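The values are calculated or read from the model by the stated rules, or taken from the named source; none is laboratory data. Just so we're clear, the structure is a prediction, and the values are computed from it rather than from any experiment. Quick reminder, even Gly has a Cβ in these numbers, built from the backbone with ideal geometry, and neighbours come from all protein chains shown.
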Amino acid sequence: MTGHKDWVPFEITPADSGAAATARGLTDHLRGMDDLAGLLAREKALVFRGFGVTPQELDEVMDELLPNRLAYVHGNSPRTKVGKNVYTSTEYPQEFTISMHNEMSYAYAWPSRLLFFCQQQPETGGATPLVDGVRWLAALDPEVREAFKGGVRYTQNLHGGMGLGKSWQDTFETEDRAEVESFLEKTEAVWEWKTDGSLRVHQIRPATVKHPVTGAEVWFNQADQWHPAGLGDETAKALAQIMPEEDLPQSVSFADGTAIPADYVTQIRDRGLDNAVDVDWRTGDLLLIDNLLVGHGRRPFTGARRVLVAMCD
């Protein structure tokens with residue numbers, strides 16, 4: 001098994017696998033594998049490169065890699081649904097970095113696997129950085145690790161159709177309040193409908209988790225992405241002038257409600273990125289990751305990059 005300090009994703013190519021350099025060749029190879037789940041748990045991330053997969057062939061490959069494809073319900077990132085529980089990757093301005101995170105680590109139930117597909121490679125940049133969660137946790141100062149032992153409290157303010165951030169309709173993929181409440185009742189969340197038609201949701205979640213197969217303890221929360229300090233000084237200052245922190249589309253505190261220091265947030269963000277390994281994209285590539293064992297992000301890019309994502313439990 002690769003050590004945490006020199007970890008890199010495991011690459012699978014037609015030459016290495018003996019499979020044909022086609023989507024069907026990849027599908028046949030996957031069907032012939034004895035233990036894909038075990039390989040993913042050991043290697044944490046798998047890159048499938050050189051098989052020339054097209055969007056029209058993607059579903060068949062995904063069926064092998066994601067046994068139970070999930071909808072992006074309660075997801076906080078802006079995305080567009082483009083197929084059977086297939087979405088665009090986060091639609092965030094291309095000149096900015098997306099910091100490291102584990103998908104939906106703020107939620108009661110999160111996907112165990114993510115699959116990325118490069119439909120169109122960028123002109124420059126646009127890599128997907130991956131960080132080993134054990135290494136990210138170890139990179140943080142003891143003071144920070146200790147402070148987060150009690151977990152974190154996430155707050156979402158989801159407007160009813162017009163406002164800053166995502167609406168509750170987009171977030172839960174429904175127009176029915178009863179469906180939203182039924183979903184939230186199962187998640188240990190606390191919520192309230194506001195008089196303006198918006199929805200406020202509070203959730204207390206752990207800051208670290210242990211992987212059910214490997215037993216590894218990993219950093220597993222999105223405190224740095226939900227905290228204004230994670231956006232940079234100027235953006236945080238601008239947001240503070242618009243509205244109080246508790247009214248922002250998303251915010252975070254320690255589980256007991258006390259504020260998380262800004263320097264903790266920037267340390268988490270920066271050390272995650274500093275310890276990441278970049279996966280550069282070529283059109284037709286796929287990347288399968290264990291969502292607990294590694295965090296992911298996005299580097300800035302130029303050109304018309306298009307990467308799709310799907311997930312499973």
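The table for this structure:
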read-out	value
Residues of the stretch 231-275 satisfying the condition of being of a type in the set (Phe, Trp, Tyr) and either at pLDDT below 90 or over 17 Å from residue 99 (Cβ atoms) (or both)	254
Residue check for residue 87: of a type in the set (Phe, Trp, Tyr), crowded, with 16+ Cβ neighbours inside 10 Å and more than 25 Å from residue 303 (Cα to Cα)	no
Criterion (among the small types (Gly, Ala, Ser), in the same structural domain as residue 105 (by TED's automatic domain parsing), surrounded by 13 or more Cβ atoms within 10 Å (Cβ to Cβ) and at pLDDT 95 or above) met by exactly one of 38, 25	25
In the stretch 181-213, residue surrounded by the most Cβ atoms within 10 Å (Cβ to Cβ) [restricted to those that are in contact with a Lys or Arg (Cβ under 8 Å, 6 or more places away or on another chain) and not in a strand (DSSP E or B)]	207
Test: residue in the stretch 131-142 that is at pLDDT 95 or above, assigned to a strand (DSSP E or B) and among the aliphatic types (A, V, I, L, M)	yes
Pair list, Cβ < 9 Å and 6+ apart or interchain, from the stretch 261-286 residues that are within 30 Å of residue 23 (Cβ to Cβ) and in contact (Cβ under 8 Å) with a residue 40 or more places away in the chain to residues that are aromatic (Phe, Trp, Tyr) and assigned to a helix (DSSP H, G or I)	276/136
Residue among 46, 70, 30 that is modelled with pLDDT of 95 or more, under 21 Å from the mean Cα position of the chain (by Cα), farther than 18 Å from residue 121 by Cβ and aliphatic (A, V, I, L, M)	46
Residues located in the stretch 245-295, provided they are surrounded by 20 or more Cβ atoms within 10 Å (Cβ to Cβ) and in contact with a Cys (Cβ under 7 Å, 6 or more places away or on another chain)	281, 284, 285
Residues satisfying the stated conditions in the stretch 117-132, i.e. buried (at least 22 other Cβ atoms within 10 Å of the Cβ) and within 19 Å of residue 66 (Cα to Cα)	117, 118
Hits in the stretch 153-189 (condition: of a type in the set (A, V, I, L, M) and either touching a Ser or Thr at 6+ places or on another chain (Cβ under 7 Å) or more than 18 Å from residue 226 (Cα to Cα) (or both))	158, 162, 178, 180, 184
Which listed residue is closer than 21 Å to residue 120 by Cβ, in contact (Cβ under 8 Å) with a residue 60 or more places away in the chain and among the aliphatic types (A, V, I, L, M), from 40, 58	58
Residue list for the stretch 164-180, filter: assigned to a loop (DSSP other than H, G, I, E, B) and surrounded by fewer than 13 Cβ atoms within 10 Å (Cβ to Cβ)	164, 175, 176
Residue check for residue 268: among the β-branched types (Val, Ile, Thr) and within 21 Å of residue 54 (Cα to Cα)	no
Hits in the stretch 296-313 (condition: among the hydrophobic types (A, V, I, L, M, F, W, C) and surrounded by fewer than 17 Cβ atoms within 10 Å (Cβ to Cβ))	304
